[in-house]
Amino acid sequence: MSTRSGPAERSAGGEHGHRLGAAQGTALLVGAVLGPGVLALPHLAAEAAGPASIVVWAALLVISAPVALTFAVLGARFPDGGGVATFAARAFGPRTAAVVGWCFYAAVPLGVLSGALIGGDYVASAVGVGRPWPLVVAVALLAGAFVTNHGGLRTSGRVQLVLVCVLVVVLAVAILASGPDVRTGNFTPFAPHGGSGVVHAAGLLFFAFAGWEAVTHLSADFADPERLLPRATGLALLIVGTLYLGLAIAVVGVLGDRAAASPVPLSLLLQEGIGDLARETTGVVAVILTFIAVNTYIAGGARLGAALARDGALPAGLARGAAAGQVPHRSLLLLAGLTGLLTAVAVPSGLGLDTLMRATAACLAAVTLVGMAAATRLLSRGGRRHGRALAGAATVFTGLMLLSCGLFLLLPAAVATVGALVVRGRGLHNSTRSRIDLGC
C-alpha cells in the first residue's frame, strides 16, 4: 500500500482536488453507521429479545466506541484508499491485506442491496403501493447513489451533509414528540425469550454498528486526516449514539408488543408523535437513511477496489483513480455491475432481508477483526500503550460479534479462500511490502 504523505502533497493533483472537512467527514461517518437498518432493526431486535433489546443497543454502542476510535487513529496515521487492507498490509503483509480487501469489497454489494431494499419497502408502505414498487424504489436509490459518486466527493460529500442534517432533525423530533407516550408497562416482561433471544438480537444489531471501517477508505481524501478524522469520528459517535438509544427506548416504550409485530416500527412511532404527517415523513426518512448509507459504502468500496488493483490484488485496469482526490470510475463501474448481478439473483430467488443483512454483518465483522488485530501491532510501536489497549478491547468485542454470526461466517471464509487463490495465481508476494512504509 502507499506510503503516508503530508497534507500539502495530498492536496496536490487529483481529478477533482476536493478534500473532506470535518462536517462532510462527520456526515459520511453518520451515513455509514446510521443507515436504513434503523428502519427495520428496532422491529427485528424487539422480536428477538423484547425490551431487553434496549440493553443490547446500549451495550453494543459502548463497546463499539473503541472500534470507531481505533479506526480513526489508524486512518489518521495511515491515510490511504485501501483502508483496513492498508493496515493489514503494514501489520501482516500484502497477502492478508488482499484477502481482507476482498472481504470488504464483497460486502459492499450485499450491504447496499440490503439497505436499498429496506428503504424501498418503507417508501412503498408510506406511499401505499405494493409490488413491484419496493424493488423499483430500491433500484432507483442505488442508481442515484452510483451516479452521485460518479461526480466525485465534491458532489457526494455536499449532498451527504445536507441529507444528514435533515435526517437528524426529523429523527430528533420523532423521539421527542413520542416521549410523553412512553409507558412503563411496555418494558415487561423484560426478556421474554431469555438469553438466547439477547444473543440473537446482538448478532442482528451488529449490522447497525458496522460502518466505522467504511470511512477509512476515504481517509486520504480528508484535508487533514490526522486532525479531522478523529474529530469527525467523535462527533459521529455522539450523534449515532443519541439517536440509536433514543429510538430504541421510544420504539419499545411507546409501541410495546407492536414493536415486535410490525415491520415498520418507525412509521408507527411517527404516527404517535406527529399524527397525519407520519406517512409522508416516513417516506422521506427512508429515502434519506438509505441514500446516505449506500452513498458512503459505494464511495469507500470504489476507492478500495482501485487501491487493491494498484497493489496487485485486482486487475491492474481497475487502479485508475486510486490517488487521493480522484474518482475511481472503473472500480465504481465494477461495483455497480456486481450489485446489479446480486439484485438479479437475490430478488427472484426470494433471498430474505434477514439473510442479506446477516451475510453483510459477517463479512464486515471479519474485516473489522483483522483491522483491530492489525491495530494492536501497529499501535504498540512508539510506546503507544493507550492505543494498543484500546485496540485490544476492540479486538475482543469484534471477536465476540464475529462468533454471533454463526453459519454466516462461511461467507467471509469462502471469499477469503477465493481471494487467497486469486492472489496466489497473480503472483502477489512480499515484494509488495517494499511499497509500505513500516515506520510508525
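The values are calculated or read from the model by the stated rules, or taken from the named source; none is laboratory data. Every value quoted in this text rests on a predicted model; they were computed, and no experiment measured them. All Cβ positions, even for glycine, are placed from backbone atoms using ideal geometry, and neighbour counts span all protein chains on display. These accessible areas exclude ligands, DNA and RNA; they are computed on the full protein's heavy atoms, side chains included. Shrake-Rupley method; radii C 1.70, N 1.55, O 1.52, S 1.80 Å.
A few comments on the model shown:
- Subset of the stretch 228-257 [small (Gly, Ala, Ser) and in a helix (DSSP H, G or I)]: 232, 234, 236, 241, 246, 248, 250, 253
- Checklist (1) open to solvent by less than 10 Å² (accessible area, probe 1.4 Å); (2) within 30 Å of residue 345 (Cα to Cα) applied to residue 132, failing item: (1)
- Look at (1) in contact with a Lys or Arg (Cβ under 8 Å, 6 or more places away or on another chain); (2) modelled with pLDDT of 80 or more; (3) among the aliphatic types (A, V, I, L, M) and you find that residue 126 fails only one, number (2).
- Scanning the stretch 401-416 turns up one or more residues that are at pLDDT 85 or above, in a helix (DSSP H, G or I), in contact with a Lys or Arg (Cβ under 8 Å, 6 or more places away or on another chain) and closer than 25 Å to residue 211 by Cα.
- Number of the exception - residue 239 against (1) under 20 Å from residue 59 (Cβ atoms); (2) modelled with pLDDT under 90: (2)
- Of all the residues in the stretch 144-194, those that are under 23 Å from residue 283 (Cα atoms) and open to solvent by 50 Å² or more (accessible area, probe 1.4 Å) number 10.
- Set side by side, the residues 49, 58, 85, 72 differ, and just one is surrounded by fewer than 24 Cβ atoms within 10 Å (Cβ to Cβ), in contact with a helix residue (DSSP H, G or I) (Cβ under 7 Å, 6 or more places away or on another chain) and in a helix (DSSP H, G or I), which is 58.
- Looking across 49, 68, 98, one residue alone is closer than 30 Å to residue 255 by Cα and modelled with pLDDT under 90. It is 49.
- Note on the stretch 258-267: residues that are part of a loop (DSSP other than H, G, I, E, B) and either closer than 20 Å to residue 173 by Cα or without any contact (Cβ under 8 Å) to a residue 12 or more places away in the chain (or both) amount to 1.
- Screening 285, 327 for residues that are open to solvent by less than 10 Å² (accessible area, probe 1.4 Å), at pLDDT below 85, part of a loop (DSSP other than H, G, I, E, B) and out of contact with any strand residue (DSSP E or B) (no Cβ under 6 Å at 6 or more places or on another chain) leaves exactly one candidate, 327.
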